[in-house]
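Report on the following structure.
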Amino acid sequence: MIENILDRLKADIRFQEGLTSCMNCGICTAICPAAEFYKYDPRVICNIVQSRNINEIEQLLKGDEIWYCGQCMSCKTRCPRGNAVGMVITVLRKLSQETGYFVESEKGRQQFAIEKAVGQNIINQGYCVHPDIATYENHPEQGPVWKWYLDNIEELSTKMGAIYKQRGAGALRDVGEENLDEIKKIFEVTGGMAFYDNIEQASQKAAEELGVDFQEEYFMKVYSENSGNHNR
């Protein structure tokens, strides 16, 4: 599986555009907000990729580091040679998901929670995030104001110009089955559904190896898991 990783990296247009001639000056690390807080060094990642060392690249795909990037692209704006480590990171993330290596790290395993809590929402609701899904019970960090909003959502959303669960133009509108069917077709044609399936299958295998029930426990485990070993 790892033999063609380098070829797959180089074939991605984001890699071609994101890394051309890094001279390892370290400006990307100096400007990176994530590097200030996490054990994360964009310069080192750039160096590993340029080295073409398959084993080290494989370790990147299995590790936490590639999931720390916030995709702000500060690296792109400050690099004297126009490189964008953030774009390289997106390619590494995609490869990690495709190979199933993402389940080897704590932050990588959280891709399953994102796929379920955001990706499937798009398919089923037409929204990345919707109040009906972001319940207060599952998101107490939102505070009592959020609970109050959910309890009075129909009245409050109308006052704020939304059309909660109604057809027409406006926030929180009912997307409609015909539009949801179109969204599903787009995901099927573009390979999005197959990509989701790959994340699910790799995650189910990881749940079995961890001795966690996939249907009942795994989501909350990866959603809330934090070893506390990520900060500097």
| query | How would ASP174, ASP7 line up by accessible area, probe 1.4 Å, largest first? | reply | ASP7, ASP174
| query | In the chain, carbon and sulfur make up what percent of the accessible area (probe 1.4 Å)? | reply | 50 percent
| query | What shape does the chain have by the C-alpha gyration tensor, where a ≥ b ≥ c are the square roots of the eigenvalues, rounded means a/c under 1.5, and otherwise prolate means a/b greater than b/c and oblate the rest? | reply | prolate
| task | Any chance you could check the Cα centroid distance between segment 163-232 and segment 103-162 for me, in angstrom? | result | 12 Å
| remark: Quick calc, ILE163 & ASP7: beta-carbon distance into FRET formula, R0 45 Å, rounding 0.05, result 0.35
| task | Could you calculate the FRET efficiency of ARG78 with ARG52 from 1/(1 + (r/R0)^6), where r is the beta carbon distance between them and R0 is 22 Å, rounded to 0.05? | result | 0.30
| field | Helical contribution to [θ] at 222 nm, DSSP H n ≥ 4, -39,500 (n - 2.57), averaged over the chain, rounded to 500 | value | -16000 deg cm²/dmol
| field | Helix axis angle, 85-99 relative to the chain longest principal axis, alpha carbon, degrees | value | 80 degrees
| remark: Between the Cα axis of helix 42-51 and the main Cα principal axis of the chain, the angle (0 to 90°, nearest 10) is 50 degrees
| request: Using only Cα atoms, find the angle between the long axis of helix 192-210 and the longest principal axis of the chain, and express it within 0 to 90 degrees, rounded to the nearest 10. | output: 80 degrees
| remark: In the chain, taking the dipole from +1 charges on Lys and Arg beta carbons and -1 charges on Asp and Glu beta carbons about the Cα centre, the listed residue (MET87, VAL212, TRP67) farthest towards the positive end is MET87
| query | Where only protein heavy atoms count, and the probe is 1.4 Å, what is the accessible area per residue for segment 5-107 in Å²? | reply | 46 Å²
| Rounded if a/c is under 1.5, else prolate if a/b is larger than b/c, else oblate: which is segment 5-107, with a ≥ b ≥ c the root eigenvalues of its Cα gyration tensor? | oblate
| request: Evaluate the distance, in nm, between pseudo-label points positioned 7 Å from the Cα of THR20 and of ASN226 along their respective Cα→Cβ axes. | output: 4.0 nm
| note | Taking VAL189, VAL85, VAL44, VAL145 and ranking on accessible area (1.4 Å, protein atoms only), highest first, one gets VAL189, VAL145, VAL44, VAL85
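The values are calculated or read from the model by the stated rules, or taken from the named source; none is laboratory data. None of the values given here were measured: they were computed from a predicted structure. Note: ideal-geometry Cβ built from the backbone for every residue, glycine included; neighbour counts use all protein chains shown. Note: accessible area is taken over every heavy atom of the protein model, side chains too, but ligands, DNA and RNA are not part of it. Shrake-Rupley method; radii C 1.70, N 1.55, O 1.52, S 1.80 Å.
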